[in-house]
1. At a 10 Å Cβ-Cβ cut-off, how would you order B:50, A:70, fewest neighbours first?
2. Using only atoms on other chains, find how many Cβ atoms lie within 10 Å of each Cβ of peptide B:81-89 and report the average.
3. Determine the gain in length on full extension of the stretch residue A:96-residue A:200; use 0.36 nm per residue of separation and subtract their C-alpha separation, reporting nm with one decimal.
4. Just want the ordering: B:84, B:31, from fewest to most Cβ atoms lying within 10 Å of their own Cβ.
5. GNM, chain A, Cα, under 10 Å: largest mean-square fluctuation among A:28, A:280, A:202?
6. Quick one: net charge around residue B:129, please, counting Lys, Arg +1 and Asp, Glu -1 for every other residue with C-beta under 12 Å from its C-beta.
7. Between A:30, A:241, A:282, find the one with the highest GNM mean-square fluctuation for chain A; connect C-alpha pairs within less than 10 Å.
8. Using the basic label-point model (7 angstrom from Cα toward the beta carbon), what is the residue A:22 to residue A:235 distance in nanometres?
Amino acid sequence: MPVRHPGRWVATAAVLVLVAMLVHSLLTNANFGWSVVGHYFFAAPVVRGLVLTLELTAAAMLIGVVLGVCLAILRLSPNPILSSSAWCYIWFFRGTPVFVQILFWYNIAALFPHVGLGAPFGPQVVRGDANTLVTSIVAAILALGLNEAAYYAEIVRAGILSVDHGQVEAAQSLGMRRIQLMRKVVLPQAMRVIVPPTGNETISMLKTTSLASVAAVTELLYSAQQIYARTYQTIPLLIMASIWYLILTTVLTIGQYYVERHYARGTSYELPPTPLQRMTGALAHRTARRRVAAVGGAAPGPLRGPG
Amino acid sequence: MAAPMVLAEAVHKRYGHLEVLKGISLEVDARQVMCLLGPSGSGKSTFLRCINHLEQINSGRLWVDGTLVGYAERGGRLHELPEREVCRRRTEIGMVFQRFNLFPHLTVLENVVMAPVVVKGEARGVVTERARRLLDRVGLSAKVAAYPNQLSGGQQQRVAIARALAMEPKLMLFDEPTSALDPELVGEVLDVMRALAEDGMTMVVVTHEIGFAREVGDTLVFMDAGVVVEAGPPRDVIANPQHERTRTFLSKVL
Ligand SMILES: Nc1ncnc2c1ncn2[C@@H]1O[C@H](COP(=O)(O)OP(=O)(O)OP(=O)(O)O)[C@@H](O)[C@H]1O
Ligand SMILES: [Mg+2]
């Protein structure tokens, strides 16, 4: 075969050398402390931190998505009071660092020592101490969730605007009210635009929860920090945490792929096969070819495996 | 005598400074078919959209089946209706669009079933049965499970008609229902509309299909630049137009 891409070969060689150097360092540099990584990988505090990280991610994303959808619908409301309120919310929460927001909620008791439910400016029915109500975990969830809502609202808004206006008119002509047509017609179609960034947001949230360590929330990173504060094995424990984050984001990425496929329905004639289907298809095709070859027949066409 | 199904009196509509409807007055009796004809930009779609209050009129009066569209009249003053009431009245008026506007994320059957269930709260089983009957009537019983993008334009438009009929409207509005279709698909949609007219549906049809207007229409209205130039029985207007503008327009489309 002729060498058609000399540049590509040079690049490949360079990459291979770099990879070899990296692998060599990973294996021979004792400072990586692989045995320490392995030792703590399933340690009880680490697993508890991992679970808390997942819980924080889920709770914050739930608040972010629900509130974000509401904000987006308000932002597109014909009522100017509603739409400008939503605009202000987004302006404020996108305009301040989430790190500061976490610290802020963590220290909310300094601003409002007591929180209560009651009539505006009137007597309070329920009354509580802010310090006991807003624990460090609640502070983290509030900060991450409310901040996420501001970003998510913009994602949803872009999704809603991507739906052809004829869809809205058709739904209106059938007598659907604004909320009904949003739920049944616009949002399901906006999903195609909303879902991919939602995956990104979730992955990003998973990692952002590590900021909660400043509020002494014992999620994954803080659990690792607590261990190396005792043992001084900083690098191995940070590596361990990173590996866990990588595993979790990989799982989320795979999940995202399938959710995206689900919302692509009705947009193309037929969905392309998933990597898994492609793999099993190729395997089936190979075995079928071998069987056919064994009985002396012709191989099936290259594109179709046996049904 | 029963009130006309549609009654318009000096309907005006502006977009900013652009006056699109400059006093439209006309009426459509129940079980009648009115065809609206006119050059592009003359305000045909706008008028149609005023009838189901997709557009608000700026002055004049518009009634559907004896009730004012979009407003309630109390003590000689007009009060805007709440969304709930506007929507309830829209359920009685079906609309078919030039570009079909089927819901692409739903199958053909779901397209037809959705609104009666969601809007009128009817039982899904009852609506599904009616939807199948309607799809059979427009010749698409074999396509109930297909998605809109798997259908030809003509098939999509027939689904759109079935979707509107599933709400059991007393008035149907058609905005150039065949203009986006390949010529060989126009006939199948017009056939469905003809059958609907024969069943006694009241229809307002914006169309450039002169043959359809002549055979199916009870009245033909020619609009230009936001006014009704000429109206009458289709055969008379087509064979013997009274106005120069009508003559010019007909000579182009005939
Ligand atoms: N939402 C809008 N905002 C501003 N101008 C509009 C709007 N909708 C329509 N118009 C204008 O109103 C005029 C009448 O439009 P309309 O769609 O009613 O015409 P039409 O008779 O249906 O034409 P066609 O045959 O091209 O569909 C046009 O000049 C159009 O540009
Ligand atoms: Mg038009």
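No value in this document is a laboratory result; all are computed from the given coordinates. Source: prediction; values computed, not measured. Reconstructed Cβ throughout: ideal geometry from the backbone, glycine too, with neighbour counts over all protein chains shown.
1. The most exposed by this proxy come first: A:70, B:50.
2. 2
3. Length gained, residue A:96 through residue A:200: 35.4 nm.
4. Ordered from fewest to most neighbouring Cβ atoms within 10 Å, B:84, B:31 come out as B:84, B:31.
5. The residue that fluctuates most here is A:280.
6. +2
7. A:282
8. 1.7 nm
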